[in-house]
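Undergrad: One structure, as structure tokens, below. Some questions next.
The values are calculated or read from the model by the stated rules, or taken from the named source; none is laboratory data. In this text the structure is predicted, and so the values were computed from the model without any measurement. Using ideal geometry, Cβ is built from the backbone for each residue, glycine included, and neighbour counts are taken over all protein chains shown.
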Amino acid sequence: MEDIFSGEGALGLFSAETEIGDIRINGGVKVENGRYTVCGSGVNMWFRQDAFHFVWTKASGDISLSADITFVGNGANAHRKACLIIRQSLESNSAYADAALHGDGLAALQYRDEAGSTTHDIHSNISWPTRLRIEKRGAYAVMWVSDAEGNMAPAGGSVRVEIEDEFYVGLAVCSHEADVLETAIFENVELISLDPVETPVLYSTLETVSIASTDREVVKVFKGHIEAPNWTNDGKTLVYNSGGLLYQIPAEGGEPTQIDTGFATRCNNDHGLSPDGHSIVISDQSQETGQSIIYTLPFEGGAPTRITANFPSYWHGWSPDGQTLAYCAQRDGKWGIFTIPVSGGEETRLTTAPGLDDGPDYSPDGKFIYFNSDRTGLMQIWRIAPDGSALEQMTFDDAGNWFAHISPDGNWMVFLTYDKSVKGHPANQDVMLRLMRLGDRNVTVLAKLFGGQGTINVPSWSPDSRNVAFVSYQLLP
């Protein structure tokens with residue numbers, strides 16, 4: 001990597017400054033010894049239009065912009081922003097991604113994924129970082145923040161934004177008040193081009209997304225691989241798997257603790273909680289020559305009780321009355337949807353179509369089991385009554401749709417979407433979380449992310465039906 005500019009000239013690393021959007025009071029920049037003091041007004045950088053002061057230069061390819069950022073004064077509005085921004089154009093509705101420090105200490109990766117669309121963001125779980133970085137690598141933007149010790153680390157989550165060469169990159173200040181100027185200081189500014197990542201490191205971000213705002217909150221960033229979060233009934237805890245084991249973590253963030261699963265040390269990403277919250281169901285591959293078998297155990301941990309005599313069996317749904325488990329299984333070389341009493345016993349096969357039926361999950365009223373099937377070609381979402389009747393197709397997309405989960409209030413269905421060219425549900429793909437309103441079956445996008453296998457395999461709605469937990473992934477240096 002190398003510095004793109006030497007820093008010489010009246011604006012240092014940058015070549016020009018301008019007002020973006022509807023501005024009543026013009027801002028400006030003063031550069032002294034590599035220290036950029038930027039003033040800006042503007043009502044907001046949000047929704048479909050932006051207004052701010054921009055100090056910029058043109059760039060192309062993969063780049064990184066970093067700076068130490070501090071505000072001057074207390075500020076008129078806690079939502080004032082000082083940003084490191086990558087922007088397709090100087091139009092007020094341009095596609096962009098930025099690393100934004102807010103006046104209340106919030107650090108967020110903000111983005112508009114295409115011109116004229118609305119703005120979304122991912123909130124970091126680190127407040128008042130002294131240093132921020134925005135990176136553009138291919139179609140993705142990633143934010144880095146300084147931790148308590150001053151070390152830079154990924155803030156969690158990445159966003160896919162339609163920014164093509166060439167684009168604008170620089171410093172931005174928005175006061176969040178049309179008639180107020182705010183000032184921020186940017187120091188130790190670095191603008192560099194990025195080399196291809198030859199040996200990337202996998203980072204996993206445990207996140208939640210609001211179905212109302214589509215804003216994303218980082219719970220925790222992990223160096224390594226985690227998968228498949230469940231939400232506990234009280235909304236206070238998330239359960240996930242990593243390295244064959246189960247862990248729980250406070251939903252607002254914190255440190256995880258391991259759940260004792262006894263001999264079951266090869267748990268895959270098909271696990272969940274009973275309706276009463278007292279038990280956990282797991283799909284473990286530590287027995288029977290590595291085949292997946294379904295077990296239950298107390299939520300506080302303990303010895304697993306085997307449920308399925310046959311294998312492989314991959315759990316996905318627990319009936320609302322707590323009496324029945326639904327799962328995907330292969331029998332006699334054919335995949336299908338099965339149910340079994342939670343106490344064990346004889347299993348019942350619900351589907352017999354050629355191909356793959358997978359991911360069964362109950363509706364909260366118990367009237368349907370939703371699942372994904374490739375019986376018509378591309379993987380689509382279907383539903384069926386628990387007695388095997390009333391089969392109905394739910395999605396009809398030119399895409400691959402997987403792992404449908406119905407909200408506790410019965411109003412929404414979240415599911416994972418791959419491009420139609422992708423076979424199966426592999427990891428490390430461009431995917432979307434999408435939301436269907438079951439009343440009229442209208443479908444919208446919750447998030448575009450890098451993920452797939454492990455993102456949302458299991459039920460992951462918050463108990464109030466307002467948020468969905470998921471895992472995104474990043475391949476970084």
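Undergrad: Among the strands (runs of 3 or more DSSP E) lying completely within region 121-191, list those that include at least 3 residues that are assigned by TED's automatic domain parsing to the domain that holds GLU19 and touching a Phe, Trp or Tyr at 6+ places or on another chain (Cβ under 6 Å).
TA: The strands (runs of 3 or more DSSP E) meeting that bar are 152-160, 167-174.
Undergrad: Continuing with this model, one more query. Considering region 339-378 alone, what residues qualify as being in contact with a Leu (Cβ under 9 Å, 6 or more places away or on another chain), under 25 Å from ASN411 (Cβ atoms) and free of Cβ contacts under 8 Å to residues at least 24 places away in the same chain?
TA: SER373
Undergrad: Could you give every pair whose Cβ atoms fall below 6 Å, whose first residue belongs to region 94-123 and is touching a residue at least 40 places away in the same chain (Cβ under 8 Å), and whose second residue is buried (at least 20 other Cβ atoms within 10 Å of the Cβ) and among the acidic types (Asp, Glu), counting only separations of at least 6 or pairs across chains?
TA: Here the result reads GLN110/ASP98; GLN110/ASP121; HIS123/GLU217, each pair linking region 94-123 to a residue that is buried (at least 20 other Cβ atoms within 10 Å of the Cβ) and among the acidic types (Asp, Glu).
Undergrad: Out of all the residues in region 273-299, which are crowded, with 21+ Cβ neighbours inside 10 Å and part of a loop (DSSP other than H, G, I, E, B)?
TA: SER292
Undergrad: Scanning for something buried (at least 24 other Cβ atoms within 10 Å of the Cβ) and closer than 18 Å to ASN26 by Cβ, does region 180-194 turn up at least one residue?
TA: Checked region 180-194: at least one residue is buried (at least 24 other Cβ atoms within 10 Å of the Cβ) and closer than 18 Å to ASN26 by Cβ.
Undergrad: Sort out for me the strands (runs of 3 or more DSSP E) sitting completely within region 387-462 that have 1 or more residues that are farther than 24 Å from ARG375 by Cβ and among the β-branched types (Val, Ile, Thr).
TA: 442-451
Undergrad: Out of the residues in region 250-272 meeting the condition of being touching a Phe, Trp or Tyr at 6+ places or on another chain (Cβ under 7 Å) and not in a loop (DSSP other than H, G, I, E, B), tell me which one is nearest to CYS328 (Cα to Cα).
TA: Step by step, filter region 250-272, then rank; the result is GLY272.
Undergrad: For region 140-157, indicate whether the set of residues that are under 25 Å from the mean Cα position of the chain (by Cα), at negative phi, modelled with pLDDT under 95 and charged (D, E, K, R) is non-empty.
TA: yes
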